[in-house]
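Below is one structure; the comments refer to it alone.
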Amino acid sequence: MTDEEFLYAFEGATLPRTEWTHEAHVRMGYLSLCRMPLPEAIGYARERILAYNRAQGNFTGYHETITIAFLHHIAKRMRDNDEGKWESFRVAHAELIARGMEILLQNYTRDALFSHEARSAFLAPDIAPLPEAS
């Protein structure tokens with residue numbers, strides 16, 4: 001699936017729920033950051049994930065802190081080394097997909113990251129700061 005097809009399916013909520021994986025979340029974050037600065041990408045990701053989830057009948061799946069924190073990690077890696085192509089980025093930064101939440105546990109304790117507060121509103125890291133936005 002091309003990037004355009006992927007975003008079209010995601011934005012139209014026609015992407016099958018079984019394909020809305022952690023990797024798909026990272027891909028959406030990467031593609032949004034290719035098109036807009038981090039603050040706008042955060043708003044886009046929040047809005048579109050919530051809309052996608054609602055369309056799929058998932059009313060509890062969104063996590064504000066994980067979404068924002070992962071966008072920071074993606075943006076940092078893009079700033080350090082990015083060719084502007086998802087496939088290249090995916091290969092170069094496979095740890096974002098393979099290690100999933102382990103990446104965020106460098107910034108957050110497990111209790112903080114998986115708290116109710118972190119799910120509903122952005123929670124500042126309690127171990128180490130997130131990568132700089134610019």
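Taken together, the values in this text are just the output of simple stated rules run on the coordinates, not laboratory data. Here the structure is a predicted model, which is why all the values come from computation and not from measurement. Here the Cβ is made from the backbone with ideal geometry for all residues, glycine too, and neighbour counts use every protein chain on show.
State to the nearest 20 debye the size of the charge dipole of the chain about its Cα centre, where the only charges are +1 on K and R beta carbons and -1 on D and E beta carbons.
180 debye
Quick one: P(r) of the chain from all Cα-Cα pairs, 10 Å bins, percents rounded to integers, in order of increasing distance.
Cα pair-distance distribution for the chain, in percent: 12, 45, 37, 7.
I want the local charge near E40. Using Cβ-Cβ distances under 14 Å, sum +1 for each Lys or Arg and -1 for each Asp or Glu among the other residues.
Counting the neighbours of E40, the net charge comes to +2.
Which ³J(HN,Hα) values, rounded to whole Hz and listed in residue order, are derived for region 5-10 from phi using the Karplus coefficients 6.51, -1.76 and 1.60 in 6.51 cos²θ - 1.76 cosθ + 1.60 with θ = phi - 60°, glycine and proline given as x?
Running phi through 6.51 cos²θ - 1.76 cosθ + 1.60 with θ = phi - 60° gives 5, 4, 5, 4, 5, 5 Hz.
Please give, to one decimal in nm, the separation of the simple spin-label points placed at T2 and E40, each 7 Å out from Cα toward the Cβ.
That separation, rounded to one decimal, is 2.2 nm.
Just R48, R27, R99 to compare: in a GNM of the chain, with alpha carbon springs under 10 Å, which one fluctuates most?
In the Gaussian network model the winner is R99.
In nm, to one decimal, how far is the modelled label at F114 from the one at E87, with both set 7 Å along Cα→Cβ?
Output for this residue pair reads 3.6 nm.
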